[in-house]
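Okay, so here's the structure we're looking at.
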Amino acid sequence: MLATFESARRPPYYNSRTSYDLQGFYMKALKLIILDKRMQTFMIVAAAVIAADHLVKWIIKSQMQLNQTINVIGDFFTISYILNSGIAFGLFDSNPSPVKTPLLIVISFIALGIILYIFLTLPRDIKGAGLSMGLIFGGAIGNIVDRVVRGEVVDFLDVDFPDITIRVLNIHMTRWPTFNIADSCVLVGITMLLVILIRHGGRSEQEQPGT
């Protein structure tokens, strides 16, 4: 009687073997994530970046007034609390379009998917992939949380550098655009990944027969 009742509750397409196979697949995937050292590094680094980024942002917001500046190394390096509605390093911050924030959120989530795809499809013999991709993913998540919660990203690191003028694009920069820890981690992660891939490519060519 109980078996008949359970059968009636199940949809007509239910298959106990299929359900068991899916459970087995999920368990194998979970074990792979837990036991895979590269995945462990990726998750730990990403979580550390997100935690550090938002801890420092919280300190900045709670201890400083908006648009306040604190000189750290004279005018060369300052802590300047601003809100950035654009992308990394303040790009497109001056664009007042009402669709900018939703569009940037969508683009950010697409970028996260691409980052995960690249990480999961990288050859297993590439060392340092977990660290570099963890920095990129964690930095991207750090800024996405800001954008989703308040529509703007907290930036505070302000560095001076020699003036740059690009007349063709009508660009004149006297300081590096204000950024945050998440931006820094993304930039460092991308740089690391490029170096790793270049070195891996050169090593692969040397190992080919006849070279």
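Neighbours of Ile60, meaning other residues whose beta-carbon lies under 15 angstrom from its beta-carbon, give a summed charge of -3 when Lys and Arg score +1 and Asp and Glu score -1.
If the chain linking Gln68 and Asp36 were pulled fully straight, counting 0.36 nm for each residue of separation and taking away their Cα-Cα distance, it would gain 7.0 nm. The slack in the chain from Asp160 to Asp75, taken as 0.36 nm per residue of separation less the alpha-carbon distance, amounts to 29.9 nm.
By the beta-carbon count within 10 Å of each Cβ, the least crowded to most crowded order of Arg150, Arg167, fewest first, is Arg167, Arg150.
Readers should treat all values here as calculations from the given coordinates under stated rules, not as data from a laboratory. In this text the structure is predicted, and so the values were computed from the model without any measurement. Here the Cβ is made from the backbone with ideal geometry for all residues, glycine too, and neighbour counts use every protein chain on show.
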